[in-house]
Amino acid sequence: MKKLCAVILILSLVLTGCGEPKESFQDYLDQLLVESYDATDIGINFSFINPEDFGIEPEPYDLGFVTREEYEESFSDVEEIIKELKSYKDKNLTEQEILDRDALIADFELSLGAKDYYDYQIGTNVLGYSRAFSGNVPAYLETYDFHNERDVIGYLNFLETLEASYSAYLDLEIERQASGHGFGQGELDEMIQQAKDSALAMSDPDYFLIEDFATKIKALNLDKETEYIEKQKELMNVNVSGAYALIEEKLSTITAEPSTGIVNKPDGKAYYEYLIQSSTGSSRSVASIRKFVEKKRVEAITELVRVTGGDLEPYFNRYRDSDFGSFKDGYEALEFLDSAIKDDFPAIGELNYEILNVHPSMKEASSPAFYFTPYTDYTSDYLQTIYINEDYSNSLFETMAHEGLPGHMYQFNYFLGLDMHPIRMLYTQSSNAEGWANYIESIAYSYVEEDEDLVDFARAYNSFLQIMYIDMDLGINYDGWSYEEFYEYFEQNFGITEDTDVEEMYVYFAHNPAVYPTYFLSTLYINDMKDQVKKAKGSDYSEKEFHEVFLKSGSVGFDLIQKQIDAYIGE
């Protein structure tokens with residue numbers, strides 16, 4: 001997942017602008033890294049062990065709020081950054097510096113497309129019932145590290161000011177409702193219930209984060225240890241619980257229109273066009289995406305027919321009932337994968353990680369699993385964290401590969417081993433990360449299943465299934481499908497059982513436009529690049545070399561990676 005600061009603060013990261021280019025490109029990037037963080041951004045804690053080593057001097061943290069004026073003014077700063085980056089010419093840069101420059105330019109140029117969409121960009125990333133900041137606060141706080149007393153003070157200030165920050169976002173939601181940009185009633189109902197549950201859980205004197213905090217700061221041996229422990233307990237039970245009670249209270253006063261695709265909101269179609277390009281890291285238009293997806297649908301169907309002869313059910317049943325290696329826990333599954341992938345993926349260093357279960361109080365608001373990216377200055381002395389939302393079972397094997405090896409954890413640790421500037425770990429592409437991790441799932445299955453036909457079936461079946469999810473996202477958020485149209489599509493393609501909550505799915509698509517393409521369209525792009533390389537290299541094709549070419553650019557969009565693939569094919 002992307003770092004908290006990049007998800008929440010959007011373009012406010014560059015509000016301070018930049019001065020004249022330094023004589024050294026590395027010096028300029030050092031300066032840009034410092035100016036990319038507000039000193040009160042809690043994302044600093046998740047990004048650095050020692051931020052001072054990078055010239056960053058943290059102040060007590062808060063969530064803060066980006067005003068419309070600040071948001072709009074930030075784009076002139078972005079344009080200035082792009083101009084200054086472009087002033088550094090190839091002849092004066094190393095190959096790695098050229099890549100760093102081009103990656104940053106691409107990222108900043110893409111961000112310019114969000115200029116006219118304050119109500120969407122700022123209005124939907126903090127409040128929300130899935131994938132938004134408010135639902136993930138407990139996980140962030142559990143993962144927050146205390147290296148010194150400054151971190152304790154920063155953490156406590158974040159708790160103390162959270163309600164004020166939420167209040168500003170709630171006021172924005174009232175404005176969004178009046179202008180037609182706001183959440184629909186189905187979304188509001190989910191958000192209200194999540195806030196109610198959170199407020200109740202956080203008011204408990206035995207709430208899990210209270211003990212978690214006490215345990216962590218005892219290791220610091222601070223003079224004010226007892227004072228800090230008591231203060232955190234009060235802030236959690238009163239202030240943070242109150243912040244969620246405020247969300248419940250204010251949202252309950254709103255009567256909204258039924259939730260529907262973003263295309264039905266002001267400038268929604270244009271925003272979706274920007275969003276799907278931004279979310280998938282590709283400049284393809286919607287029309288081009290649809291043409292590409294249709295080609296991949298035909299390829300998936302052709303492969304399914306080749307493997308099964310047209311009788312899919314026996315293969316589907318075998319895949320569904322696979323034991324996926326029958327590992328006793330997630331650690332054993334990842335240890336197996338660590339060994340199994342060595343011939344197909346470039347080597348990385350030793351990993352130090354833990355697998356945690358999402359606390360019961362967070363289960364409803366959390367994803368099935370998630371991984372926190374490592375510090376920019378990470379060393380193996382620190383544990384990396386993978387969360388799962390249920391006890392490990394065989395059905396989670398592909399999920400462990402997605403989050404762990406050779407998925408997110410592998411990819412970000414590979415990036416740490418590159419010679420790129422540290423700022424590249426801040427400006428990352430979710431499409432690159434999620435596309436990669438989703439692509440990894442079918443590869444992981446091949447390590448525990450010897451029947452190649454079944455592996456081919458699983459890959460083609462999942463590709464076909466994911467294409468239909470892209471169809472549904474485009475249908476709801478770009479074409480404006482009504483609930484009835486969505487229900488008809490879903491019934492025809494999946495069937496409806498008494499356990500199927502089609503309305504809940506419709507609301508989820510409306511609440512998260514372009515999220516499914518972030519995963520599934522990005523995976524199609526990766527597999528297409530792989531097919532290009534296989535065709536060009538023939539018998540000389542190397543799985544490890546393909547993965548190395550894909551990864552060596554770091555976390556960049558697919559347009560830049562395609563250039564790397566084209567260069568590799570031309571060698």
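Residues that are under 20 Å from the mean Cα position of the chain (by Cα) and farther than 23 Å from residue 332 by Cβ: does the range 452-466 have at least one?
yes
If a residue has to be open to solvent by less than 20 Å² (accessible area, probe 1.4 Å) and of a type in the set (A, V, I, L, M, F, W, C) to count, how many in the range 381-391 make the cut?
Of the residues in the range 381-391, 2 are open to solvent by less than 20 Å² (accessible area, probe 1.4 Å) and of a type in the set (A, V, I, L, M, F, W, C).
Would you tally the residues in the range 438-464 being among the aliphatic types (A, V, I, L, M) and free of Cβ contacts under 8 Å to residues at least 40 places away in the same chain?
2
Being hydrophobic (A, V, I, L, M, F, W, C), in a loop (DSSP other than H, G, I, E, B) and crowded, with 19+ Cβ neighbours inside 10 Å is the filter here; which residues of the range 29-51 pass it?
Result: 42, 48.
With the condition kept exactly as written, say whether any residue in the range 451-472 is more than 23 Å from residue 318 (Cα to Cα), polar (S, T, N, Q) and surrounded by fewer than 20 Cβ atoms within 10 Å (Cβ to Cβ).
No, every residue in the range 451-472 fails to be more than 23 Å from residue 318 (Cα to Cα), polar (S, T, N, Q) and surrounded by fewer than 20 Cβ atoms within 10 Å (Cβ to Cβ).
Out of the residues in the range 227-267 that are under 23 Å from residue 507 (Cβ atoms) and without any contact (Cβ under 8 Å) to a residue 60 or more places away in the chain, which is most open to solvent (accessible area, probe 1.4 Å)?
249
Kindly indicate the residue of the range 473-508 that is modelled with pLDDT under 95 and not in a helix (DSSP H, G or I) and also most open to solvent (accessible area, probe 1.4 Å) among those meeting that condition.
Selected residue: 498.
Pick from 223, 197, 171, 189: which is under 19 Å from residue 358 (Cβ atoms) and acidic (Asp, Glu)?
197
Does any residue in the range 542-557 that is more than 22 Å from residue 517 (Cβ to Cβ) come within less than 6 Å, Cβ to Cβ, of a residue that is open to solvent by 30 Å² or more (accessible area, probe 1.4 Å) six or more places away or on a different chain, and which pairs are these?
Close Cβ pairs satisfying both conditions: 543/344; 544/344; 549/564.
Is it the case that some residue within the range 147-165 is under 21 Å from residue 43 (Cβ atoms), surrounded by 19 or more Cβ atoms within 10 Å (Cβ to Cβ) and free of Cβ contacts under 8 Å to residues at least 40 places away in the same chain?
no
Spot the failing condition for residue 398; the list is (1) exposed (fewer than 14 other Cβ atoms within 10 Å of the Cβ); (2) farther than 20 Å from residue 136 by Cβ; (3) under 20 Å from the mean Cα position of the chain (by Cα), and only one is missed.
(1) is the only condition that residue 398 fails.
Restricting the range 179-224 to residues that are within 30 Å of residue 511 (Cβ to Cβ) and among the polar types (S, T, N, Q), which is most open to solvent (accessible area, probe 1.4 Å)?
Here the residue is 193.
Within the range 303-313, track down each residue that is surrounded by 11 or more Cβ atoms within 10 Å (Cβ to Cβ) and farther than 12 Å from residue 458 by Cβ.
Those that are surrounded by 11 or more Cβ atoms within 10 Å (Cβ to Cβ) and farther than 12 Å from residue 458 by Cβ: 305, 306.
Yes/no matrix, rows are residues, columns are (1) in contact with an Asp or Glu (Cβ under 8 Å, 6 or more places away or on another chain); (2) surrounded by fewer than 22 Cβ atoms within 10 Å (Cβ to Cβ); (3) of a type in the set (Asp, Glu):
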| residue | (1), (2), (3) |
| --- | --- |
| 379 | no, yes, no |
| 393 | no, yes, no |
| 402 | yes, no, no |
| 410 | no, no, no |
| 431 | no, no, no |
| 441 | yes, yes, yes |
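Filter the range 283-300 down to the residues that are of a type in the set (Gly, Ala, Ser) and open to solvent by 10 Å² or more (accessible area, probe 1.4 Å), then identify the one that is farthest from residue 468 (Cα to Cα).
Applying the filter and picking the extreme gives 283.
Any chance the range 465-481 includes a residue that's touching a residue at least 12 places away in the same chain (Cβ under 8 Å) and under 30 Å from residue 95 (Cα atoms)?
no
Among the residues of the range 123-145, is any among the hydroxyl-bearing types (Ser, Thr, Tyr), over 23 Å from the mean Cα position of the chain (by Cα), closer than 21 Å to residue 193 by Cα and in a helix (DSSP H, G or I)?
Scanning the range 123-145, I find no residue that is among the hydroxyl-bearing types (Ser, Thr, Tyr), over 23 Å from the mean Cα position of the chain (by Cα), closer than 21 Å to residue 193 by Cα and in a helix (DSSP H, G or I), so the answer is no.
Please go through the range 328-355 and give me each residue that is part of a loop (DSSP other than H, G, I, E, B) and either open to solvent by 30 Å² or more (accessible area, probe 1.4 Å) or of a type in the set (Phe, Trp, Tyr) (or both), ordered by number.
328, 329, 342, 343, 344, 345, 347, 348, 349, 350, 351, 352
Within the range 356-408, which residues are modelled with pLDDT of 85 or more, among the hydrophobic types (A, V, I, L, M, F, W, C) and not in a loop (DSSP other than H, G, I, E, B)?
The answer is 356, 386, 388, 396, 397, 400, 401.
Looking at 190, 211, which one is in contact (Cβ under 8 Å) with a residue 60 or more places away in the chain and in a helix (DSSP H, G or I)?
Answer to the selection: 190.
Please find, among 129, 118, 71, the residue that is at pLDDT 95 or above and either surrounded by fewer than 19 Cβ atoms within 10 Å (Cβ to Cβ) or more than 19 Å from residue 30 (Cα to Cα) (or both).
Result of the check over 129, 118, 71: 118.
Kindly establish whether residue 325 is buried (at least 16 other Cβ atoms within 10 Å of the Cβ), closer than 22 Å to residue 444 by Cβ, modelled with pLDDT under 90 and not polar (S, T, N, Q).
So residue 325 fits the description; yes.
Given the criterion touching a residue at least 60 places away in the same chain (Cβ under 8 Å) and over 18 Å from residue 440 (Cα atoms), identify the matching residue among 334, 351.
Of the residues listed, the single one that is touching a residue at least 60 places away in the same chain (Cβ under 8 Å) and over 18 Å from residue 440 (Cα atoms) is 351.
If you scan the range 89-110, which residues turn out to be among the hydrophobic types (A, V, I, L, M, F, W, C) and in a loop (DSSP other than H, G, I, E, B)?
If the condition is that a residue be among the hydrophobic types (A, V, I, L, M, F, W, C) and in a loop (DSSP other than H, G, I, E, B), then 93 is the only one that fits.
The values are calculated or read from the model by the stated rules, or taken from the named source; none is laboratory data. Keep in mind the model is a prediction, meaning the values are calculated, not measured. Cβ atoms come from the backbone with ideal geometry, glycine included; neighbour counts cover every protein chain shown. Each accessible area value is taken on the protein alone, full model and side chains, heavy atoms only, with ligands, DNA and RNA left out. Shrake-Rupley method; radii C 1.70, N 1.55, O 1.52, S 1.80 Å.
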